[in-house]
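The values are calculated or read from the model by the stated rules, or taken from the named source; none is laboratory data. As the structure is a prediction and not an experimental result, all values here were calculated from the model. A quick note on method: Cβ atoms are made from the backbone with ideal geometry, for glycine too, and the neighbour counts reach across all protein chains shown. Side chains included, ligands, DNA and RNA excluded: accessible areas come from the protein's heavy atoms. Shrake-Rupley method; radii C 1.70, N 1.55, O 1.52, S 1.80 Å.
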Amino acid sequence: MHTSRIPRRRALVLLTALAATASLTATACGGDSAAGTQTADGKVKITVLRSNGAVFEPLYIAEQQGYFEDAGLDVTIKAGAQDTSQNAPSVLSGEAQFAMTDSSGFLKGVASGMGIRIVTGLQSATTKTDPTDGLLVKKGSDITSFKDLEGRTVGLSALGGTLQFICEYLTQQAGGDPSKIKFVALPTTSLTDAAKSGKTDAVYSFGPFYFAGKDSGLHAIGNGMNDLPGMVQGLLFAGQKYLSANGDTAKKFIDAVARAITYADAHPAAVKAIDKKYTQVDAGFIDAHDTNYYDKNLNSTMMRTVITKMHEFGLLDNEPKDDDVYWDQAPVVTS
């Protein structure tokens, strides 16, 4: 079990080293080894690295519905790194042209000097759906709001990322001092037991583990990420060098993904079929729960709040400017 309040230094040093290595590799090979490569029938080849958990469903829908083919693209979808923030070196070296991650993973890469940009959103927090993540405490706990986390121990699946940020942000919004929370890293599968046994005072869980925790008798505090509507939960990014040289191809790619997002929101059965094929989640659980709500838009107002607060909480070393965050053709909105 790892404990720390701000366990970011080693991760940032690693990211910086990876950035330097990737930059050198990109210089040596042009930064986009597959850029411009075409199939025999003239389609542009693209490799995209997806997450290993979820939110990748629109990529497979774009493939299945022929949206990539319609755009003249031959897209290969591969599972990326377990920690999606580690997909950036593969993008910068040209091993892949696009990759998935979440807000914090992307921002840590940008803050460490990586030349990457968000090209489109995939999913953002919204009040249109019920919470699928959140803070859980055992029944009878005297923790009734995030403010009560002061001086308590909270279990997370990983330290220094999105989940820690949410706990700190919502604690501050509730009038508490997030610096007084002790965070511990635990295996995701152990979070429910940690809360029930008293090993931790609370845990922040997500997806099927969140629902399993509630089913076991744990009580949810707040509405999870739904209390931060507009916060980007899943996104696609690319290297700035690639985007500068292949803007037309990149625009075709994100337009195809946008069509798939619209289809996914209108056809939950198609999303569930993909989840059953590409995730390890029980089919019965998939059938019993609603699908995600997908959204291409990138709320720059909420992203700026996330950047400012992550820096304040010590989770980022600096505050990247918008020009260093978004591709100039990304679907950015302000509300």
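Identify which of P229, P58, P178 has the largest mean-square fluctuation in a Gaussian network model of the chain, with springs joining Cα atoms closer than 10 Å.
P229
Could you provide, to the nearest whole Å², the per residue accessible area of the range 103-142 with probe 1.4 Å?
Ligands and nucleic acids excluded, the figure is 32 Å² per residue.
Using label points projected 7 Å from each Cα along Cα→Cβ, tell me how many nm separate K199 and E69, to one decimal.
In this crude spin-label approximation the distance works out to 4.9 nm.
Write down the Kirkwood hydrodynamic radius of the range 270-335, to one decimal in angstroms, obtained as one divided by the mean of 1/r over all alpha carbon pairs.
14.9
Over all directions, average the projected area of the Cα convex hull of the chain and note it in nm².
Its Cα hull, projected and averaged over all orientations, spans 16.0 nm².
Counting only protein heavy atoms and using a 1.4 Å probe, what share of the accessible area of the range 173-221 belongs to carbon plus sulfur, as a whole percent?
Ligands and nucleic acids excluded, carbon and sulfur give 50 percent.
Count the lysine pairs in the range 128-266 that are 8 or more places apart or on different chains: how many have C-alpha atoms under 15 angstrom apart?
11
To the nearest 0.05, what FRET efficiency results for K45 and Q173 with a Förster distance of 45 Å applied to their C-beta separation?
Here the calculated transfer efficiency is 0.45.
If packing is taken as the average number of other Cβ atoms within 10 Å across a peptide's residues, how do 162-169, 45-52, 151-158 rank, most packed first?
Packing order, densest peptide first, comes out as 162-169, 45-52, 151-158.
Within the range 44-85, what whole-number % of the accessible surface is contributed by carbon and sulfur, with the 1.4 Å probe and all protein chains included in the calculation?
38
Given +1 on the Cβ of Lys and Arg, -1 on the Cβ of Asp and Glu, and no further charges, what dipole in debye does the range 242-300 carry about its Cα centre, rounded to the nearest 20?
Charge dipole, the range 242-300, about its Cα centre: 240 debye, nearest 20.
If you average the alpha carbon positions of the range 143-181 and of the range 44-97, how far apart do those two centres end up, in angstrom?
If you average the Cα positions of each part, the centres end up 33 Å apart.
How big, in percent, is the set of alpha carbon pairs in the range 151-238 lying more than 20 Å apart?
Distances greater than 20 Å cover 34 percent of the Cα pairs.
In Å², what does the accessible area per residue of the range 188-335 work out to with a 1.4 Å probe?
Ligands and nucleic acids excluded, the figure is 46 Å² per residue.
Nearest 20 debye, what's the magnitude of the dipole of the chain about its Cα centre given +1 on Lys and Arg Cβ and -1 on Asp and Glu Cβ?
700
Mind putting a number on the dipole of the range 183-250 about its Cα centre? Charges go on the C-beta only, +1 for Lys and Arg and -1 for Asp and Glu, and I need it in Debye to the nearest 20.
120
Find which of A96, L298, T192 sits farthest along the positive direction of the dipole of the chain, computed with +1 on the beta-carbon of Lys and Arg, -1 on that of Asp and Glu, about the Cα centre.
The residue sitting most towards the positive pole is T192.
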